[in-house]
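Engineer: Could you have a look at this structure, given as structure tokens, before my questions?
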Amino acid sequence: MDIRQQLLAAFEIEHREHLDAIRAALAAEGPVDWHDVFRRAHSLKGAARAVDLPPVEAVSHQLETLFERISTGQRPLDREARAATHLALDRIEAFVAASAAGGAVMPKDALAALEACLDPDVAAPAPAEPAPTAAPTVAAPATTSAAAPAAAPEAAAEPAQAVLRVPASAVESLSRASHGLWAALPGQTATAERIARLSVHAGELRRRSEAARRAPVAGPAYGAATETESETAALRRTLAEIETGLAALAREASDLAQGHKAAVLSVETAARRLREETERLALVPAETVFGGLARAVRDMARTDGREVEVTTRGLDLPVDRAMLQALKDPVLHALRNALSHGADSPESRQRQGKPAALTIGLTVEAQGGRLVLGIHDDGRGPDLAAIEATGRARGLIAPGESLDADALLALPFEPGFSTAGAVDALSGRGMGLSVVAEVARSLHGQVQLARRHPHGTSLILTLPLSAARRPVLIVAAGGTRYALPSGAAEALSRLEPGALSTVGGRPVAQVAGEDGETVTLPVAELGDLLGLGSGRPDGATIPVVRLRGTRGRCLLAVERLEEVRTLLVLPAPPIGSDPALITGTVILGTDTPVLVLDPDGLIDRLGRAGPRALRSPSKAGEDGGGTIPEKRRSTILVVDDSITTRTLEKSILEAAGYRVIVCVDGQEALDRLRARIEPVDLVVADVEMPRLTGFGLVEALRAEEDFARLPIVLMTSRGDEEDVAKGLELGADAYLTKQKFDQRELLDTIGQLL
């Protein structure tokens, strides 16, 4: 499948999502979210341009204009507007379906109906033309005139299903890997049969041994010497047979161990291959989604009579398919913004010594643990005066308030913010950059607008990399293991305490730079940056990672350097998932989650940490790191159905000196407490759990006299005021939310309750 076909296949899925969302919004009871409806039409128009479907782009543009006028109160959402909207959506859907089969034609009635809504003086459209169909077996959507109300198709009420299109070769590879695993499994069955035979043989030997032990041994007073000798010989024969059986059993057990080892290796190899093929489906080159954007920008420029040179770099980087799809609209909006606001006249460019054509570049790269997308142009640069004037006119800047350049460049990301003098097909509605900011926030990333030197503007999207196998460096700090992207670790070394010096109140050390010269870098204790403290003995050698981020470098001191491994990076868990510091999770072994730290987040935190970025190891419980019992270790019961969350909580609490037991839901916790297996001093529980929720657990415990005063902390992602009030009313002693989780707050809360 070539890139054009891939783009059309992706658009076929994407356009249905936009159409269904618009239909559902118009059919819903209550107020319509016009911001979302308008954004859908805006994104549909841009996506249609990217795959070269001008008829869809034209209808989408008119829909966009209609939705804008309705949202601003310039016209009502009346019967005529609803009918025209549904007709346009139907025509787009039919046209895209017919495009897949070839020979698609867009009827003119949709544009005519929309123009009649926008300009009352325009004559009513002619009767609707038959809609094109994709194939004879596919029925065309029902024809709807502009004057009659059109009901959204029944399927529009259904949520859009996610569809994944993958190359046939990838499916074949996955199938082969699956068959390989299936072929390896019979070896496990054979092993089980051999274990069963071993059990039978061992049981027979045990019975013979017991029979020999119970057999009477005749003495001189009970029989003749010949009888005694006969019994002794029989006993010896029995023992010899048992010994022979034990030797055979040992040989068979040894053979079984070897066979089992080979079978396990075979299954592990097949499972690893299957896993790799499955993960490969989720990773595609950025070219798959972004490949058509350069041509789309050139087409936009030609339509507007402009000249533009578009360059791309890094489109071969494999990225999670879902993330790329989420980024396609924002990147297209950013490119349109660069074309609209960056273009300057050929005369002006010539005076500044720039090429006649505007140059726009799209770059995709991985830096440390982040995906960085850049849209750069060499145009006239951001107009700070126009941005400030628009910001004051919209009330975003208070009277008398003065903003620096960075603060002003953050304003264009506000919804509806535009410095364009008029609305055209490229700009003027103030939606493009707000879409970029919204998607960046939803993906736990950030976006920044900056001046380029000597000319132009750069828009940088920085996002966490996830759902991909990446090499990570495992380190230990504060008694807990963490992962760092190995690409951000320039070097690993050890420092003697005497090698540290102080500059401006901060610890620094001199190390050899890349060019062989000595450079001085700040030193930060990872445990201190994370609020855990350091458990390294006084005077011990300091393991350090020379860490490089996009914003600088530092020496990161840790308790232990463990290993570099290539692991699947999963999304960050809800607990402790500060997007500025934590970019994901990796699983060590089978069930040990480890947080992946962001180098830029650590360097930023070092900049805010002040002069105590590295300090002497503290005693347990000092520096506000939580309360650590000095006598009997308190026992805490952690209740959460997420293995990642409960394991992270367990590691935090054990690092603080507590004894921790875990349960997977409220019912198991209640049963364990009632069984009195061990004394429990405090319970930390989630709310959303199967069988018995956290609320149910609190209510059940408070109803029993033995647990009426047992401290209970609810920690959940449900942070609504009603949920907090309910938890406290039922008898919880504290209610913490995972979104704002701070492990020091958890430890301090537990310390106060104990």
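Engineer: Just give me the residues in segment 388-405 being outside any loop (DSSP other than H, G, I, E, B) and either in contact (Cβ under 8 Å) with a residue 12 or more places away in the chain or among the hydrophobic types (A, V, I, L, M, F, W, C) (or both), in sequence order.
Structural biologist: Within segment 388-405, Glu388, Ala389, Thr390, Gly391, Ala393, Ala405 meet the criteria.
Engineer: Here is a follow-up. Answer yes or no: is there a residue in segment 307-320 that is within 20 Å of Ala47 (Cβ to Cβ), out of contact with any strand residue (DSSP E or B) (no Cβ under 9 Å at 6 or more places or on another chain) and in contact (Cβ under 8 Å) with a residue 24 or more places away in the chain.
Structural biologist: no
Engineer: Between a first residue in segment 534-555 that is assigned by TED's automatic domain parsing to the domain that holds Gly479 and closer than 30 Å to Val372 by Cβ and a second residue that is modelled with pLDDT of 85 or more and part of a loop (DSSP other than H, G, I, E, B), which pairs have beta carbons less than 6 Å apart while being 6 or more apart in sequence or on different chains?
Structural biologist: The qualifying pairs are Pro543/Val558.
Engineer: Kindly check whether there is at least one residue in segment 315-323 that is within 20 Å of the chain's Cα centre (by Cα), closer than 15 Å to Thr363 by Cβ, of a type in the set (A, V, I, L, M) and not assigned by TED's automatic domain parsing to the domain that holds Ser178.
Structural biologist: yes
Engineer: Further question: Looking at Leu581, Leu602 in this structure, which one is at pLDDT 80 or above and surrounded by 17 or more Cβ atoms within 10 Å (Cβ to Cβ)?
Structural biologist: Within the list Leu581, Leu602, the selection yields Leu602.
Engineer: Going through Arg306, Arg302, Arg380 one at a time, which residue ends up being part of a helix (DSSP H, G or I) and either of a type outside the set (Asp, Glu) or surrounded by 15 or more Cβ atoms within 10 Å (Cβ to Cβ) (or both)?
Structural biologist: Among Arg306, Arg302, Arg380, only Arg302 is part of a helix (DSSP H, G or I) and either of a type outside the set (Asp, Glu) or surrounded by 15 or more Cβ atoms within 10 Å (Cβ to Cβ) (or both).
Engineer: Is there any pair linking a residue in segment 285-304 that is in contact (Cβ under 8 Å) with a residue 12 or more places away in the chain to one that is part of a loop (DSSP other than H, G, I, E, B), with Cβ under 6 Å and at least six apart or on different chains, and which?
Structural biologist: What qualifies is Pro285/Asp316; Ala286/Leu315; Ala286/Leu317; Glu287/Leu315; Phe290/Leu315.
Engineer: Looking at (1) acidic (Asp, Glu); (2) part of a helix (DSSP H, G or I); (3) over 15 Å from Ala50 (Cβ atoms), which is the only condition Asp344 fails?
Structural biologist: (2)
Engineer: Is it true that Met689 is buried (at least 18 other Cβ atoms within 10 Å of the Cβ) and free of Cβ contacts under 8 Å to residues at least 60 places away in the same chain?
Structural biologist: For Met689, the condition - buried (at least 18 other Cβ atoms within 10 Å of the Cβ) and free of Cβ contacts under 8 Å to residues at least 60 places away in the same chain - is met.
Engineer: Further question on the same structure: Is segment 37-54 home to any residue that is surrounded by fewer than 21 Cβ atoms within 10 Å (Cβ to Cβ) and either over 29 Å from the mean Cα position of the chain (by Cα) or of a type in the set (Phe, Trp, Tyr) (or both)?
Structural biologist: yes
Engineer: Test each condition in (1) modelled with pLDDT under 85; (2) touching a Ser or Thr at 6+ places or on another chain (Cβ under 7 Å); (3) farther than 15 Å from Ile460 by Cα for Ala357 and report the one that comes out false.
Structural biologist: It is condition (2) that Ala357 fails.
Engineer: So which residues in segment 643-661 are under 18 Å from Asp686 (Cα atoms) and surrounded by fewer than 18 Cβ atoms within 10 Å (Cβ to Cβ)?
Structural biologist: Result: Ile643, Ile661.
Engineer: Here are some conditions: (1) touching an Asp or Glu at 6+ places or on another chain (Cβ under 9 Å); (2) in contact (Cβ under 8 Å) with a residue 12 or more places away in the chain. Arg349 meets all but one. Which one does it not meet?
Structural biologist: (2)
Engineer: Still on this structure, please answer the following. If the requirement is being within 25 Å of the chain's Cα centre (by Cα), farther than 19 Å from Val544 by Cα, modelled with pLDDT of 85 or more and part of a strand (DSSP E or B), which of these qualifies: Leu449, Leu473, Leu484?
Structural biologist: Leu449
Engineer: Inside segment 502-526, can you point out the residues that are among the small types (Gly, Ala, Ser) and at pLDDT below 85?
Structural biologist: Listed by number, the residues that qualify are Gly504, Gly505, Ala512, Gly513, Gly516.
Engineer: Within the bounds of segment 73-89, is there any residue that is out of contact with any helix residue (DSSP H, G or I) (no Cβ under 9 Å at 6 or more places or on another chain), among the basic types (Lys, Arg), over 15 Å from Trp34 (Cα atoms) and at pLDDT 85 or above?
Structural biologist: Looking through segment 73-89, none of the residues is out of contact with any helix residue (DSSP H, G or I) (no Cβ under 9 Å at 6 or more places or on another chain), among the basic types (Lys, Arg), over 15 Å from Trp34 (Cα atoms) and at pLDDT 85 or above.
The values are calculated or read from the model by the stated rules, or taken from the named source; none is laboratory data. Note that the structure is a prediction, hence the values are computed from the model and not measured. Virtual Cβ from ideal backbone geometry, glycine too; neighbours counted across all protein chains shown.
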